[in-house]
Amino acid sequence: MKLVFAGTPEVAVPALDALLASGRHEVAAVVTRPDAPAGRGRRLVASPVAQRAEEAGIEVLKPARPRDEEFLARLREIAPDCCPVVAYGALLPKVALDIPARGWVNLHFSLLPAWRGAAPVQHSLMSGDEVTGASTFLIEEGLDSGPVYGVVTEDIRPTDTSGDLLTRLAFAGAGLLAATMDGIEDGALHAVPQPVEGITLAPKIQVEDAHVDFAAPAMRVDRVVRGCTPAPGAWTVFRGERLKLIQVAPLPDRTDLAPGELSVGKNNVYAGTGSYAVELLWVQPQGKKPMKAADWARGVRIAAGERLGA
């Protein structure tokens with residue numbers, strides 16, 4: 001088939017690579033979000049998908065909005081059979097959805113209908129799921145509600161961050177998306193409507209969602225930290241300034257600390273929660289680089305009874 005691939009961030013690059021390497025399909029063009037400011041100088045930088053497409057000599061389309069007539073006209077000229085999508089980052093209007101003969105097929109990082117929305121991996125981790133996965137489905141006008149072509153599953157490991165899990169799903173999902181394209185071309189694969197039960201939503205994680213409440217149980221604290229790492233970054237407050245929490249470890253045997261109360265050993269820092277303590281392993285003070293929590297504690301000279309939190 002002739003394909004137009006739509007995607008933007010680094011997590012979409014493995015799927016583009018899989019389609020380029022498949023040998024069965026022609027990736028005629030790539031659709032991605034416009035260049036965005038990045039770095040200290042806030043220079044405009046092309047998306048990871050745009051950079052990969054340019055390396056491969058593929059036409060790159062960067063519409064400000066996917067309903068722009070110039071973009072739609074070019075898409076009609078290319079006349080793709082199908083448009084595979086991975087984390088494109090913009091809502092596709094019906095006028096665009098109707099252009100490819102076999103529609104737009106999205107790779108979504110959850111086992112649909114669970115976790116429809118922008119942040120499925122983060123919500124899966126924060127909710128304590130033990131298994132997740134990726135799904136390919138035919139895009140329709142509803143939010144991630146279209147019929148499903150295929151799935152792959154992935155176990156969630158006890159120390160997974162959203163970054164860890166998303167990386168594994170990006171590569172597993174790349175193979176799934178390529179296989180889905182093959183099945184659509186062969187006529188052997190047919191999309192199946194999603195169940196009406198088990199629908200959960202995964203809206204974008206806001207900064208306030210990443211605020212760690214030390215009155216919550218230790219497992220909840222751990223899940224929020226892992227789910228919000230690397231972005232947007234779990235955080236608390238210490239001495240009136242924000243402190244990012246990068247890695248913690250629950251300690252079921254330690255129950256002597258009040259919620260947020262700090263205890264410092266020679267090479268360890270502990271904080272109480274609503275159940276048992278957690279050990280702080282890596283933190284990032286405001287305006288500084290990530291560091292081991294023990295090094296941070298030595299630098300700030302934590303006094304007895306000091307706490308994390310507002």
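The values are calculated or read from the model by the stated rules, or taken from the named source; none is laboratory data. Fair warning: this is a prediction, and the values are worked out from it, not measured in the lab. Cβ sites come from the backbone with ideal geometry, for glycine too, and all protein chains shown count toward neighbours. Accessible surface is based on the protein model in full, side chains and every heavy atom, while ligands, DNA and RNA are left aside. Shrake-Rupley method; radii C 1.70, N 1.55, O 1.52, S 1.80 Å.
Of the beta bridges in region 102-250, as assigned by DSSP with both residues counted there, near 90 percent are antiparallel.
Please say if the chain is rounded, prolate or oblate, where rounded means a/c under 1.5 for a ≥ b ≥ c the square roots of the C-alpha gyration tensor eigenvalues, and otherwise the choice is prolate for a/b larger than b/c and oblate otherwise? Taking the square roots of the gyration eigenvalues as a ≥ b ≥ c, the chain is prolate. Dipole check for the chain: with +1 at the C-beta of Lys and Arg, -1 at the C-beta of Asp and Glu, and the Cα centre as origin, the magnitude is about 1340 Debye. Our helix-only sum for the chain, with -39,500 (n - 2.57) per DSSP H run of n ≥ 4 divided by its residues, gives a mean residue ellipticity at 222 nm of -7500 deg cm²/dmol.
Considering only DSSP beta bridges with both partners in region 19-168, what is the antiparallel share in %, to the nearest 5? Roughly 70 percent of the beta bridges in region 19-168 run antiparallel, per DSSP.
Sorting 213-219, 187-193 by average packing, meaning the other beta carbons within 10 Å per residue, from highest down gives 213-219, 187-193. Here Arg307 sits with roughly 120 square angstrom of accessible surface, probe radius 1.4 Å.
Ranking Tyr88, Tyr276 from most to least accessible surface, computed with a 1.4 Å probe over the protein chains only, gives Tyr276, Tyr88.
Beta-bridge orientation, the chain: approximately 70 percent antiparallel, per DSSP, counting only bridges with both partners inside. From the alpha carbon centroid of region 104-142 to that of region 262-288 is 32 Å. Relative to one another, the C-alpha centroids of region 1-65 and region 155-214 are positioned 20 Å apart.
Let's see if you can work this out: charge +1 on each Lys and Arg Cβ, -1 on each Asp and Glu Cβ, no other charges. What is the dipole magnitude of region 161-237 about its Cα centre, in debye to the nearest 20?
That gives a dipole near 300 debye.
Here the chain exposes an accessible surface that is 52 percent carbon and sulfur, computed with a 1.4 Å probe and the other protein chains kept in place.
The H on the amide N of Glu154, modeled in the peptide plane, is under 5 Å from the matching H of Thr132, Gly133, each at least 5 residues off or on a different chain.
Peptides 65-76, 11-22, 154-165, ordered by how many other C-beta atoms sit within 10 Å of their residues on average, highest first, read 11-22, 154-165, 65-76. Going by the alpha-carbon gyration tensor, a ≥ b ≥ c the square roots of its eigenvalues, is region 3-104 rounded (a/c under 1.5) or, if a/c is not under 1.5, prolate (a/b greater than b/c) versus oblate? In terms of gyration-tensor shape, oblate. Since only Asn267, Val196, Met219 are under comparison, the one whose Cα sits farthest along the positive direction of the charge dipole of region 171-310, derived from C-beta charges on Lys, Arg, Asp and Glu, is Asn267. When the C-alpha to C-alpha distance is required to be over 28 Å, the pairs from Lys266/Lys288; Lys204/Lys266; Lys62/Lys244; Lys204/Lys289; Lys204/Lys288 that qualify are Lys204/Lys266; Lys62/Lys244. Within the listed set Val248, Val264, Val278, the Gaussian network model of the chain (springs between alpha-carbon atoms below 10 Å) gives the highest mean-square fluctuation for Val264.
By the combined test of axial Cα extent (at least 18 Å) and Kyte-Doolittle hydropathy (mean at least -1.0), the qualifying DSSP H helices of the chain come to 162-186.
Averaged over its residues, the chain has an accessible area of 48 Å² per residue, based on protein heavy atoms and a 1.4 Å probe.
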